[in-house]
Amino acid sequence: MDDGWTKLAGRSPASLATRAELVARWSEPHRRYHTLDHLAAVLAAADRLAGAADDPGAVRLALWFHDAVYDGRPGRDEERSAQLAQARLPRCGVPPARVAEVARLVRLTAAHDRVAPGDANGEVLCDADLAVLGSPSREAYDDYAARVRQEYAHVADEPFRAGRAAVLGRLLAAPRLYRTPLAYELWEERARANLRAELRSLTAGTRP
């Protein structure tokens, strides 16, 4: 894919090796939603919102790394992904301040509601990551939800439904899902409709 990696990290052997490693990670066979398609989608969403970021390049690098480690362990995955960014990006010649910002942003994705007011980079990152919630068709959203369920195939139905319902409830309780004006305009209304529909399916004991 035309991912713009070399514009962010250059064409050095270390940079190209890091890109190859990340592509391999995003292509791991156990992934169903957190795949290269998801990476491409969040990068495209971030491009649409780039005007609201203080450092769009840091946001894009953070998206490359934000699910680079994905074992289905919330919190631990994001921390290990941030550590991976801290280990790889200096070898690519990325300045220390930007490396630190990338790692900070990756850690933010563990809980999107931790974004502080005025954190422009964090707002763009989290809005891009949540863009899928605003899928324009119910079929597209249901496909997303089904793929998430497949990634948690090791979890029995009842605890999965309870955990997923809790996540959806927290999202719906937020005053707004999207913090940037453009993302709010593009996706807020549809995202809330999608979340409510999935929550109804979960509480009824059926898959969306």
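Things worth noting here:
- Filter result for Arg25 (farther than 16 Å from Leu133 by Cβ and at pLDDT 95 or above): yes
- Residue ID - surrounded by the most Cβ atoms within 10 Å (Cβ to Cβ), chosen from residues in region 91-104 that are assigned to a helix (DSSP H, G or I) and among the hydrophobic types (A, V, I, L, M, F, W, C): Val102
- Whenever a residue of region 86-111 is closer than 18 Å to Cys126 by Cβ, its partners that are of a type in the set (Phe, Trp, Tyr), lying with C-beta atoms within less than 7 angstrom and at least six residues away or across chains, give the pairs Val102/Phe65; Val106/Phe65.
- Breaking point among (1) surrounded by fewer than 17 Cβ atoms within 10 Å (Cβ to Cβ); (2) touching an Asp or Glu at 6+ places or on another chain (Cβ under 6 Å); (3) touching a residue at least 60 places away in the same chain (Cβ under 8 Å), for Ala58: (1)
- Of all residues in region 167-185 being within 17 Å of the chain's Cα centre (by Cα) and outside any helix (DSSP H, G or I), the one that is farthest from Thr109 (Cα to Cα): Thr180
- Residue that is surrounded by the fewest Cβ atoms within 10 Å (Cβ to Cβ) [pool: residues in region 134-148 that are out of contact with any Pro (no Cβ under 9 Å at 6 or more places or on another chain) and assigned to a helix (DSSP H, G or I)]: Glu139
- Cβ-Cβ contacts under 7 Å between residues 6 or more apart (or on different chains), taken from a first residue in region 24-41 that is assigned to a helix (DSSP H, G or I) to a second residue that is acidic (Asp, Glu), are absent.
- Val155 vs. criteria of a type in the set (Val, Ile, Thr) and not in a helix (DSSP H, G or I): yes
- Unique residue being assigned to a helix (DSSP H, G or I) and more than 14 Å from the chain's Cα centre (by Cα) when the list is Arg88, Arg73, Arg107: Arg88
The values are calculated or read from the model by the stated rules, or taken from the named source; none is laboratory data. In this text, all values refer to a predicted model and were calculated from it rather than measured experimentally. Cβ atoms come from the backbone with ideal geometry, glycine included; neighbour counts cover every protein chain shown.
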